[in-house]
Amino acid sequence: MARILRFVARVLSALACVLAFSVAYAQPYPSRPITLVVAFAAGSLSDTVARHLANDLTAVLKQTVVVENKPGGSQTIAGSYVARARPDGYTIYMANMPAVVAPSIQANLPYQGVRDFAPVTSVVSVKLVLYVTPSLPAKNLNEFIALARANPGKYTYGSSGVATPIHLVGEMFNGQMGASTVHIPYKGSNEVLQALVSNQITFGFLGFDGMQFVRNGQLKTLGIATSKRDTSAPDVPTLDEAGLQGFRAGVDFVVVAPKGTPAEVVARLNDAISQVTASETFSGRIKQIGGIEIAAPATPAQTGAYIASQEAKWDAIVKAANIKLE
């Protein structure tokens, strides 16, 4: 009899756990804090944007959204972490495009590309500026291109790591101008900026945070990699105007969730993020950073289609430059 009672007690205990799990799962999403993973260090531009987003999402979702930094590995550390997370909407990832190239540089990953996550929506796009050191003997882009072509391997550019967005943009720049410059990887964009200011590297593509050094004479800029000039820097030409026709590059931020996240949870996140990006509060904070455009509203399907379209473009650049994660 005692044995039967113990068995019944174990069964009832198991049923209680199942019931508790079912009740918790049935609660409206979100019912507990959400983690927003970022692939770059605290203090980076990615981190800044993520914290603004998390702050406003907390108000919209009425649940705390915390930012968790997982830098390194060309976003593969963050990507792998999210790919392995439970697909319940409580771990989401703000990826910097072109993160889709990760599988091209490291085969042993639990995902094949950002499109193998559940796309949620786009957030913002960062405009990139071509900065050069004042010691560079070139007054404009055409003169710099001539110097680079005449001196292969002499000039260097920095990035926040192998196959990170500004590394790939640098390789795209090399290919389009028909020159060979040397890539120097750093741990983050702040280090790239300091390397430029201290004349350790020749050039780099960064956001508008470098414009303060242009104003005080510590850096020069040869153009913005956009289709039109930015109103906050009207005297800076586009690279197209400066002589490199058709050159467009930026860093797009998209939010994705683990593959298999329920459609209704993805839809809730999409709606909440869209509310944030449409708000004057969020746009005001982003405007203060400078050189960032808020993305147009996009459905999860539209976001997924955009991510897929980027994969072929950046994958071709990775293969042409023979980029490998060391």
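The values are calculated or read from the model by the stated rules, or taken from the named source; none is laboratory data. Computed from a prediction, not measured in an experiment: that's the story for all the values here. Virtual Cβ from ideal backbone geometry, glycine too; neighbours counted across all protein chains shown. Surface areas here come from the heavy atoms of the whole protein model, side chains and all, with no ligands, DNA or RNA. Shrake-Rupley method; radii C 1.70, N 1.55, O 1.52, S 1.80 Å.
How many residues does the range 55-73 hold that are surrounded by fewer than 17 Cβ atoms within 10 Å (Cβ to Cβ) and at pLDDT below 95?
Total satisfying the criteria: 1.
Can you give me the number of residues within the range 160-206 that are out of contact with any Leu (no Cβ under 7 Å at 6 or more places or on another chain), not in a loop (DSSP other than H, G, I, E, B) and not hydrophobic (A, V, I, L, M, F, W, C)?
Number satisfying all stated conditions: 11.
Ala257 passes all but one of (1) more than 16 Å from the chain's Cα centre (by Cα); (2) of a type in the set (A, V, I, L, M); (3) within 19 Å of Val82 (Cβ to Cβ); which number fails?
So the condition that Ala257 fails would be (1).
Looking at the range 118-135 only, could you name the residues that are open to solvent by less than 10 Å² (accessible area, probe 1.4 Å) and part of a loop (DSSP other than H, G, I, E, B)?
Leu128, Thr133
What are the pairs with Cβ atoms under 6 angstrom where one residue, in the range 217-246, is in contact (Cβ under 8 Å) with a residue 24 or more places away in the chain and of a type in the set (Ser, Thr, Tyr) and the other, located anywhere, is part of a loop (DSSP other than H, G, I, E, B) and surrounded by 15 or more Cβ atoms within 10 Å (Cβ to Cβ)? Sequence gap at least six, or different chains.
Thr221/Val236; Ser232/Gly290
Residues being free of Cβ contacts under 8 Å to residues at least 60 places away in the same chain and either assigned to a strand (DSSP E or B) or under 12 Å from the mean Cα position of the chain (by Cα) (or both): count how many of those fall in the range 51-73.
5
If you check Val318, Val276, Val266, Val251, which single one turns out to be open to solvent by less than 50 Å² (accessible area, probe 1.4 Å) and not in a helix (DSSP H, G or I)?
Val251
Among the residues of the range 239-253, is any touching a helix residue (DSSP H, G or I) at 6+ places or on another chain (Cβ under 7 Å) and β-branched (Val, Ile, Thr)?
yes
Of all residues in the range 238-255, which are acidic (Asp, Glu) and either at pLDDT below 90 or within 18 Å of Ile292 (Cβ to Cβ) (or both)?
The one that is acidic (Asp, Glu) and either at pLDDT below 90 or within 18 Å of Ile292 (Cβ to Cβ) (or both): Asp252.
Return yes or no: is Lys259 open to solvent by 70 Å² or more (accessible area, probe 1.4 Å), at pLDDT below 90 and not aromatic (Phe, Trp, Tyr)?
It is false that Lys259 is open to solvent by 70 Å² or more (accessible area, probe 1.4 Å), at pLDDT below 90 and not aromatic (Phe, Trp, Tyr).
Which number in (1) crowded, with 19+ Cβ neighbours inside 10 Å; (2) more than 17 Å from Ile286 (Cβ to Cβ); (3) among the hydroxyl-bearing types (Ser, Thr, Tyr) marks the one condition that Ser44 misses?
Unmet for Ser44, out of (1) crowded, with 19+ Cβ neighbours inside 10 Å; (2) more than 17 Å from Ile286 (Cβ to Cβ); (3) among the hydroxyl-bearing types (Ser, Thr, Tyr): (2).
Identify, please: which residue in the range 220-236 is touching a Leu at 6+ places or on another chain (Cβ under 6 Å) and either on the phi < 0 side of the Ramachandran plot or modelled with pLDDT under 95 (or both) and is, among those, surrounded by the fewest Cβ atoms within 10 Å (Cβ to Cβ)?
The residue in question is Ala225.
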